[in-house]
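Data first, discussion second: the structure below is written as structure tokens.
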Amino acid sequence: ASGQQKECWCLVAQDPPPKSGTNVAIVLLSRRPADLKSWLQYHLEYMGVKRVFMDVEDTPHFDQSWQSLSDSLRERVEVWKANTTTQNGDKRPADDYTTLQARQLVAMRRAKERSQDLGIDWLLHIDDDELLYTPLHRPIGEVLGSIPDGFDQAYIPNVEAVYDSADVKSCST
């Protein structure tokens, strides 16, 4: 945002109460998530995210994982299955950073359109190995609802999972 004024702001315990009803959604490209159920429960139930837009790539057992989720989780997640077939017929997406960013932008545009239809106030992009965290343990909508009027972007540092090995099956351990 070159040439635009920026400001640092942090919610503190004595701030006035936030606007009520601030709706937050997450958009992500997901590829073989380590623990989809725990990740969704954390964001939808604990952090108060209202909706998740999930573009799924190269995840052979996704349907099995999806069916194991409760109806209350599934009804708040919109799943898109990416069509990533390359010219040589390979269905796996290219791993280079340029194509990843392009695919993320496509997912963000799609989620932005859907968010407008659903009354979502804030749309966040995070990965399925990252967790939203608020130090005061407030729902993310409450934190973003506290941002003064006139701001339409916020930077939220992420907490990225670093697993001991590729054999980890749960992001919560």
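The values are calculated or read from the model by the stated rules, or taken from the named source; none is laboratory data. Owing to the predicted nature of the structure, the values given are computational and were not obtained by experimental measurement. All Cβ positions, even for glycine, are placed from backbone atoms using ideal geometry, and neighbour counts span all protein chains on display. Quick note on the areas: whole protein, heavy atoms, side chains included, nothing else; ligands and nucleic acids left out. Shrake-Rupley method; radii C 1.70, N 1.55, O 1.52, S 1.80 Å.
Summary table
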quantity: Condition met for GLN153 (open to solvent by 30 Å² or more (accessible area, probe 1.4 Å), of a type in the set (S, T, N, Q) and either in contact with a Phe, Trp or Tyr (Cβ under 9 Å, 6 or more places away or on another chain) or assigned to a loop (DSSP other than H, G, I, E, B) (or both)); calculated: yes
quantity: Selection from the stretch 97-109 of residues that are free of Cβ contacts under 8 Å to residues at least 60 places away in the same chain and not hydrophobic (A, V, I, L, M, F, W, C); calculated: TYR97, THR98, THR99, GLN101, ARG109
quantity: Residue in the stretch 145-158 that is under 14 Å from the mean Cα position of the chain (by Cα), modelled with pLDDT under 70 and closer than 24 Å to LYS37 by Cβ present; calculated: yes
quantity: LYS112 at pLDDT 70 or above and over 21 Å from GLU45 (Cβ atoms); calculated: yes
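So that you can scan it fast, the table gives a plain yes or no per residue for (1) open to solvent by 80 Å² or more (accessible area, probe 1.4 Å); (2) modelled with pLDDT under 90:
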residue: HIS61; (1), (2): yes, yes
residue: LEU73; (1), (2): no, no
residue: GLY89; (1), (2): no, yes
residue: LEU100; (1), (2): no, yes
residue: ASP117; (1), (2): yes, no
